[in-house]
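Notes follow once the structure below has been shown.
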Amino acid sequence: MKLSAFLLTQLCVGFVQCSASRCLDQAVKLMEESPLLDTHIDLPQIIRSLNRRPLDALYQLNSSYPGHVDIPRMRAGRLGGAFWTVWAPCYDVVDEDPGDDFNTPTNHLRDAMEMLDIIQNMIARHPDDLQYARSSADVLDAFKAGRIASLIGMEGTHVLGNSLGALRLFAQLGVRYLTLTHTCHSAFASSAGFGTPIPQAHEGNGLTELGRELIKELNRVGIMVDLSHTSDTTMRQAIALSEAPVVWTHAGARALWDHPRNVPDDILRLIGDGPGQKDGLIQSIFFPPFIGPWPGAPNVTRVADHIEHIAGIVGRNRVGIASDFDGMYISVEGLEDASKYPNLVAELLCRGWTEEEMRGVLGGNLMRIMDKVDAVSESLKGRWPSSAISEKRKDLPATKWGGGGINTYWPTDVKEKVEKMQLRHDEL
Ligand SMILES: [Zn+2]
């Protein structure tokens, strides 16, 4: 494997032996011993975007596939595991309108289920290369078997149909993290938007009551709370509320590049194991407009700068790597696609990060957090599921389900009870 030219120039100057190539050899060796887990890869959306029948395209991943990711490039990049993303674009992108109260049904829940179906079938179609994983033990099993651990992340609560019941079922289907928003507000939480300020939503531009219930439910079912994409207030409220560690599955440091998608230092200082802090993890993204300088051509050293800045506040045991491959229109020089991960690992090794620290950055830090989230879930086993619903819903109680004037579907005593009910959906 060859190191990109710019890195050689940057790192080899003045060295008798080229430290860059030595670091790259060391990186590859380390990645063959310890799995690199990338917490955000959008390959499923590429499959869905390119094919009317997405499942028919899955076999193509064994060879060159459009975008940043396919199996040969993941193998070349020594990728140990990936979180495949269940995502559907926000309603404004697909010309749907949930209304000011987020209560008008959209297609997002169906689309999210179909994305999850693509992921499950993608894993099943490539049993020699991909292996489903949910826990850290699953990850290590897959890695030892020589397969890429395949975990599932869900991005944005706008896909949940405002329903905690839907969330619980996604948990059963293996979803391991939930990003509280994408670029739009939802019935649960306020978003940071797309980069330019968007009108605020909800009280204080943070979590709603339903969003607070959601956090408790995520803790209970063992899904990691992901604060990427959320407003600063949502971040602060979720950190305070969550009983389990929180994560940013793909974000950068705002102090290095002032973008609302990045995490500001004062919020980073809330992460740790000191008084008033919550354990957590920040996985550094590769997207040039977030890491800056932008417009410009940020390279792999810039991603390492973000990791080092974040680690300087939260510690080297609370950082990791998240490409956002296949979810961005431009990539970083030196990290152009899934074959290039070793360049970033080499960069940090050359900066003096120890192999032990790097095992953490690759995946050890994340697996520690996953274990802690699972332990919290285990401790909450006796808690009943939340019965909360969106207060704005007009379909509950289901007073129209008796068949209206036909009176087809209700026994007589049920009909009489419904007719005597004070609370009617049309009175909300
Ligand atoms: Zn994202």
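Values quoted throughout were computed directly from the atomic coordinates according to the rules given, and no laboratory measurement underlies them. Quick caveat: nothing in here was measured; it's all calculated off a predicted structure. Using ideal geometry, Cβ is built from the backbone for each residue, glycine included, and neighbour counts are taken over all protein chains shown.
Quick look at the numbers
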quantity: Distance in nm between pseudo-label sites at Gln422 and Glu96 (7 Å out along the Cβ direction from Cα); calculated: 3.6 nm
quantity: Efficiency of FRET between Ser387 and Glu243 - r from beta-carbon atoms, R0 22 angstrom, step 0.05; calculated: 0.70
quantity: Dipole of the chain [Lys/Arg +1, Asp/Glu -1 at C-beta], most positive-end residue of Gln60, Phe290, Gly174; calculated: Gly174
quantity: Förster radius 25 Å - calculated FRET efficiency between Arg75 and Asn51 (Cβ-Cβ, nearest 0.05); calculated: 0.60
quantity: Segment Glu209-Arg168, extension gain: residue separation times 0.36 nm, minus the distance between their alpha carbons; calculated: 13.0 nm
quantity: Anisotropy class of the chain from Cα gyration tensor, a/c 1.5 cut; calculated: prolate
quantity: Dipole magnitude of the chain about its Cα centre (Cβ charges: Lys, Arg +1; Asp, Glu -1), debye to nearest 20; calculated: 640 debye
quantity: Relative contact order [Cα under 8 Å, 6+ residues apart], the chain, whole percent; calculated: 17 percent
quantity: Relative contact order [Cα under 8 Å, 6+ residues apart], segment 208-316, whole percent; calculated: 22 percent
quantity: Karplus 3J(HN,Hα) series, Hz, for segment 201-211 with 6.51 cos²θ - 1.76 cosθ + 1.60 (x for Gly, Pro); calculated: 9, 6, 5, x, 6, x, 7, 8, 4, 5, x
quantity: Alpha-carbon centroids, segment 150-213 and segment 72-130: separation in whole Å; calculated: 14 Å
quantity: Stretch gain in nm, segment Ala375-Trp401, where the contour uses 0.36 nm per residue and the Cα spacing is subtracted; calculated: 5.2 nm
quantity: Cα-based helix-to-principal-axis angle, 19-33 vs the chain, degrees rounded to 10; calculated: 50 degrees
quantity: Of Lys29/Lys144; Lys216/Lys381; Lys216/Lys394, pairs whose Cα-Cα distance is over 18 Å; calculated: Lys216/Lys394
